[in-house]
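To start, the structure under review is shown below, and the notes come after it.
The values are calculated or read from the model by the stated rules, or taken from the named source; none is laboratory data. Predicted model only: the values in this text are computed from it and were never measured. Cβ atoms come from the backbone with ideal geometry, glycine included; neighbour counts cover every protein chain shown. In case anyone asks, the SASA skips ligands and DNA or RNA and just uses the protein heavy atoms, side chains included. Shrake-Rupley method; radii C 1.70, N 1.55, O 1.52, S 1.80 Å.
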Amino acid sequence: MIRVAKFFINGATLEIELADNFSKRLRGLMFRKNLSEGCGLLLAPCNSVHMLFMRFAIDVIYLDENFCIKKIVRNLPAWLGMSICFGAWGALELPSGEAERLNLRVGQKFTKQNPPD
């Protein structure tokens with residue numbers, strides 16, 4: 001079952017899929033054709049990502065356990081990209097350009113509405 005939560009920041013609402021177990025984190029966005037604006041995938045716990053078997057570039061937003069932005073990696077390229085943020089609790093993967101569209105900055109904090117159980 002896919003669990004989705006709403007994340008809010010800078011007046012925007014994002015629909016975020018939760019990858020909160022080993023198999024979901026391992027698969028991530030591999031083999032998907034795209035990721036729509038306003039949507040993303042939260043890998044948690046996670047402090048690094050690779051882009052093997054990815055078909056499109058992404059923005060990666062590294063978060064602490066309070067959903068505060070620790071690091072932003074823009075336009076991580078498909079197949080070749082790799083990124084790490086020591087001390088991060090999670091990695092939020094968004095479509096490339098989404099960090100700029102949402103005016104995301106290090107230190108900002110997302111609020112989260114938990115999905116129903």
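Each residue in region 103-112 was checked for being surrounded by 14 or more Cβ atoms within 10 Å (Cβ to Cβ) and farther than 20 Å from Pro77 by Cα, and 3 pass. For region 20-54, filtered to residues that are of a type in the set (Gly, Ala, Ser) and exposed (fewer than 13 other Cβ atoms within 10 Å of the Cβ), the residue that is nearest to Glu93 (Cα to Cα) is Ser36.
For Phe67, are the conditions met, namely being free of Cβ contacts under 8 Å to residues at least 40 places away in the same chain, open to solvent by 30 Å² or more (accessible area, probe 1.4 Å) and aromatic (Phe, Trp, Tyr)? Answer is no for this residue. Condition (residue is open to solvent by 60 Å² or more (accessible area, probe 1.4 Å) and in a strand (DSSP E or B)) applied to region 9-19: is it met by at least one residue? Yes, because at least one residue in region 9-19 is open to solvent by 60 Å² or more (accessible area, probe 1.4 Å) and in a strand (DSSP E or B).
Total residues in region 77-100 satisfying the condition of being loosely packed, with under 15 Cβ neighbours inside 10 Å and charged (D, E, K, R): the figure is 1.
Against the numbered list (1) open to solvent by less than 70 Å² (accessible area, probe 1.4 Å); (2) in contact with a helix residue (DSSP H, G or I) (Cβ under 9 Å, 6 or more places away or on another chain), Arg74 comes up short only at (1).
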